[in-house]
1. Within region 57-135, considering only helices (runs of 4 or more DSSP H) that don't extend past its boundaries, which have at least 1 residues that are exposed (fewer than 14 other Cβ atoms within 10 Å of the Cβ), in contact (Cβ under 8 Å) with a residue 12 or more places away in the chain and more than 17 Å from the chain's Cα centre (by Cα)?
2. It is to be established whether one or more residues within region 205-223 are among the polar types (S, T, N, Q), in contact with a Lys or Arg (Cβ under 7 Å, 6 or more places away or on another chain), in contact (Cβ under 8 Å) with a residue 12 or more places away in the chain and assigned to a loop (DSSP other than H, G, I, E, B).
3. For region 237-256, which residues satisfy the criterion of being outside any helix (DSSP H, G or I), surrounded by fewer than 20 Cβ atoms within 10 Å (Cβ to Cβ) and at negative phi?
4. Give region 138-180 a look and list any residue that's free of Cβ contacts under 8 Å to residues at least 40 places away in the same chain and basic (Lys, Arg), or say none.
5. When residues of region 136-153 are filtered for being assigned to a loop (DSSP other than H, G, I, E, B), of a type outside the set (A, V, I, L, M) and modelled with pLDDT of 95 or more, how many remain?
Amino acid sequence: MFMKISRNVYSIDGLQILFPGHAVTPYLVEEDNHDLTLIDTCYIKELPKFERILNDVGFEMKDINRIVLTHLHSDHSQAANEVRRRTSSSSGEAEIYAHWIDAAYLAHRPLYHGPPDLKIYENLFLQYGQRIEDVIKEFGRLDVEPIRVDHLLKDGDIIKSLKVVHTPGHTPGHISLYHEEASTIIGADILWNTKENGLVIPPSYFTLDLVTAAVSLSRVSRLQFERLLLAHQTGPILENAKQIIEKTVDDILAKL
């Protein structure tokens, strides 16, 4: 499903991840007429759905000129190389951006040993009644093939209309994107918004350092914004997001 969030910010919802009933949401920012920045990708098996949604609203893969990976986890990055290949045109192909820390792990120099690991996946698959062999058959390998990052990001960098905010914790090089004109934070996995628990920092079996993640969230809460867009959510927060995050930070820090 394609959703217009603001004048030039869009979401692509409903792209399946490893666990039944769960999805990841990439975002598109239209910097100029048909000049797209894609924030995160999906699993390769979901690319036909992604491309169909894109085409249905009048865009094409070759309109994607930039792919910004918020962090290294496979649900956000597995399809990055294939998206880059599909954007190829006479003017070149999309370039990939990531924070310099996670960029090293994306390139497998060195390999990443943070969560989730194979044991965590196996335990979660059991809870959902899945066999790891069947999941791998459907989605491919659970890790990500090496990805060449063209632009190494740091806190405060500008990518067209987006400002990079380094928000470590979930992974060492996790970033959020601040679109000041649209009063929007695209926060990736800085929080999950679940039906069961509301806004929560992803648990330790997915997050490297919960305390650092809470500090990153506190830092984001000092920016001025109305909308919060997450990668795993029941829906976007389109009003009063700053106040909601401030309260969430207070609740989280009170429990640490």
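The values are calculated or read from the model by the stated rules, or taken from the named source; none is laboratory data. Because the structure is a prediction, the values reported are computed rather than measured. When we count neighbours, we look across all protein chains shown, and the Cβ atoms used for this are built from the backbone with ideal geometry, even at glycine.
1. Where helices (runs of 4 or more DSSP H) fall fully within region 57-135 and carry at least 1 residues being exposed (fewer than 14 other Cβ atoms within 10 Å of the Cβ), in contact (Cβ under 8 Å) with a residue 12 or more places away in the chain and more than 17 Å from the chain's Cα centre (by Cα), they are 118-127.
2. Yes, region 205-223 contains at least one residue that is among the polar types (S, T, N, Q), in contact with a Lys or Arg (Cβ under 7 Å, 6 or more places away or on another chain), in contact (Cβ under 8 Å) with a residue 12 or more places away in the chain and assigned to a loop (DSSP other than H, G, I, E, B).
3. Those that are outside any helix (DSSP H, G or I), surrounded by fewer than 20 Cβ atoms within 10 Å (Cβ to Cβ) and at negative phi: LEU238, GLU239, LEU256.
4. The answer is ARG141, LYS163.
5. Residues in region 136-153 being assigned to a loop (DSSP other than H, G, I, E, B), of a type outside the set (A, V, I, L, M) and modelled with pLDDT of 95 or more: 4 in total.
One line per residue, one yes/no per condition, for (1) within 30 Å of ASP35 (Cβ to Cβ); (2) of a type outside the set (Asp, Glu); (3) surrounded by fewer than 19 Cβ atoms within 10 Å (Cβ to Cβ):
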residue	(1), (2), (3)
VAL164	yes, yes, no
GLU181	yes, no, yes
ILE186	yes, yes, no
GLU196	no, no, yes
ILE201	no, yes, no
LEU229	yes, yes, no
GLY235	yes, yes, yes
